[in-house]
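No value in this document is a laboratory result; all are computed from the given coordinates. This one's a predicted model, so the numbers in the text were calculated from it and none came from an experiment. Note that we place each Cβ from the backbone using ideal geometry, even for glycine, and neighbour counts take in every protein chain shown.
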Amino acid sequence: MINFLKIVAKNRLAAFGGILLLIILTLSILAPILPLKEPNITNTADRFMVPFEGGHILGTDHLGRDLLSRLLWGTQLSLAVGFAAAFIAATFGSILGAIAGFYGQKTDNIIMRFIDMLMAFPYILLALAIVAALGPGLFNALIAVALVNIPFFARNIRGVTVTLANKEFIEAARLSGMSNLRILIVEIFPNLLPMIVIAMSTTVGWMILETAGLSFLGLGSQPPQADLGSMLGEARSALITNPHTSFVPGIMIFCIVIGINLFGDGVRDALDPRLKKGSLIRPLPQTIYEGGDTQPTPSTKLLSVQNLSTQFHVNQDVYQSSNDVSFEIQEGECLGLIGESGSGKSVTALSVTSLVASPPGVIKKGSVNYKNENLLALPYEKLRSIRGNKISYIFQDPLTTLHPLHTIGDQLLEALQAHDSKLSISESISKSKDLLKSVQIPNPDNVWDVYPHQLSGGMRQRVCIAMALINNPELIIADEPTTALDVTVQAQILNILNSLRKERKLSILFISHDFGVISQLCDRVIVMYAGSIVEEGPVKNIIQQAAHPYTSELIKCVPQLGNKEHALHSIPGNPPSLNQLPEGCAFANRCQYKQDQCLKGSVPVSSKDNRSYKCFYPVGGTA
Ligand code: SF4
């Protein structure tokens, strides 16, 4: 709970809303014990007193009643009715929506057609009709407001539940033998809660307004009982002559609605595990760079990364995902970047174009020299003109990379026209279709009009390759582009990438955890472990004789088809946590060659024959 409040407090707007709401709630709850005048006692001699006149802090109304007292009592009533109506509507609406979305078919049809019937009436008219049928009064107004808002919750929650019900974790729950009711309560409901809270936070405000509206029309609270709506209604005839009688309840309604909405947004963020740090975690379009005006080291290579260090700041912990990383790629070269999951490969690659989610990611130091400019320090607009244009990306999962609601043709055109608005539509279409052909899509005309989900995984990845090539980039960063594909399609994709590289003199930074894949495509390879480069050199030489024990273990992990003697190998132990890197060599706890020296200080980089490695006792003595 304390943690939750801390997260909400970090969002300044939410904190402001929460404090505003807390003050209003406290004052209205304390109304019975505060030294206030009696709210319903009339005194026509004191009518329409302005604020601070005759001992009335906010003045009096048309019957001489104290406005401060009526305001606090009325706020108490309006808040109680608003929250109660929101709670009733959220409870029944969410239950109906969750049942309809989860069970589907007839149950869904019956519930949603009933909801549609309610939604077919303008909701304020429906509320008026319900109050007219039940009779005027605050309780009946509450029922009417709650009823007309049930469809809002039911529709929203049903939509979210339908998506959740098809997720793999629900299938896993079914497989584990859980009953439908238990799945709904244990698996679905926690995922719906943030949605319900944010919907409630918006609707509480409406409901207070709607109840005030009914009271304003004389259908809610009845005289002499005050609520904010009835106070406004009674003050309307004196709006011009004594505006303070309208302003007092009007400003209170405004403050309540603003406070609830701001606080509700913060609570939603705090409840969503994907936004654990509240709204502060929404990433910027460009990673925060703390390297100042670091000038890149002059280089003749296409891309030169120097001393790159990228960290993630999560609560009090600092995760060093990329630690003093330096490498170069020359024109037409394919450089492999290999390591286990969490070794810092993707973060390093994303840092090149400042695509690391920030916050929590920060590039602490280093430079990325591209055409003698430090990409990390470029203004956003200039960086944007390079991303997807001169340096493009192919991600691991094409299904999540492609937009699910746009056709392949539209997405290719968009990628092209984002950087080349001079091309006519017909030229753009022709260029895009040619590219689809060049990535071996046999029927570009048919593929042009389909949506990503209508294609196989291999075809989708070909589209992503075409999209990455569409602006004639100089460098492609391919982040495990074949991991999600079967071996046959993987081989086809690697062949396509290889032939395109040769045809177009493309440079590729190819990320993988598989030495088999790296050896098929790359000229040189960088091996990363715990955020640092531990070995670098030509792929052939490294495969023949790895110098670093970690590289040697990685190579042993490549399965050998038909070799019964070669059991599937795995590296014992686990990599260290990136927020608690040990002193000395990070691989020491898994290394069979470890000596006392390995556990102290930092391990220097040794270079020999166009290769470098970071180890005191390389495999085989020397590389
Ligand atoms: S420095 Fe020592 S512990 Fe680290 S890989 Fe080399 S031999 Fe192993």
Counting other beta carbons within 10 Å of each Cβ, put Ser424, Ser309, Ser392 in order, fewest first.
Ser424, Ser309, Ser392
Label-point separation, Val186 to Asn541 (7 Å along Cα→Cβ), nm:
5.7 nm
Using θ = phi - 60° and the Karplus curve 6.51 cos²θ - 1.76 cosθ + 1.60, what whole-Hz ³J(HN,Hα) does each residue of segment 222-239 get, with Gly and Pro shown as x?
10, x, x, 4, 9, 9, 4, x, 5, 4, 5, x, 5, 8, 5, 5, 10, 4
Segment 363-513: relative contact order from alpha carbon pairs under 8 Å, six or more residues apart, as a whole percent, is 30 percent
Excluding Gly82 itself, what net charge comes from residues whose Cβ is under 11 Å from its Cβ, given Lys and Arg +1 and Asp and Glu -1?
-2
Going 7 Å from the Cα of Phe169 toward and past its Cβ, which residues in segment 190-206 have a backbone nitrogen under 13 Å from where you end up?
190-194
Helix 487-504 axis, angle to the chain major axis (alpha carbon atoms, nearest 10°):
70 degrees
Given 91-101, 220-230, 193-203, the highest-first ranking by average Cβ count within 10 Å works out to 220-230, 91-101, 193-203
Tell me the angle of helix 105-119 to the major Cα principal axis of the chain, expressed in degrees between 0 and 90 and rounded to the nearest ten.
50 degrees
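Near Ser299, within a Cβ-to-Cβ distance under 11 Å, what is the net charge of the other residues, with Lys and Arg +1 and Asp and Glu -1?
In short, +1.
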So what's the net charge close to Pro481: Lys and Arg +1, Asp and Glu -1, counting the other residues with Cβ under 14 Å from its Cβ?
-1
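Fewest Cβ neighbours within 10 Å first, please rank Tyr123, Tyr451, Tyr529, Tyr380 accordingly. Numbers along the way, then the final one.
Details: Tyr123 18, Tyr451 15, Tyr529 25, Tyr380 11.
With the sparsest Cβ surroundings first, the list reads Tyr380, Tyr451, Tyr123, Tyr529.
Could you work out the relative contact order of the chain, using alpha carbon pairs under 8 angstrom and six or more residues apart, expressed as a whole percent?
The normalised contact order for the chain reaches 11 percent.
Could you please rank Ser606, Ser179, placing first whichever residue has the fewest other Cβ atoms within 10 Å of its Cβ?
Final ranking by Cβ density, sparse to dense: Ser179, Ser606.
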Computed over the chain: longest principal axis from alpha-carbon atoms vs helix 189-216 long axis, angle to nearest 10 degrees, is 30 degrees
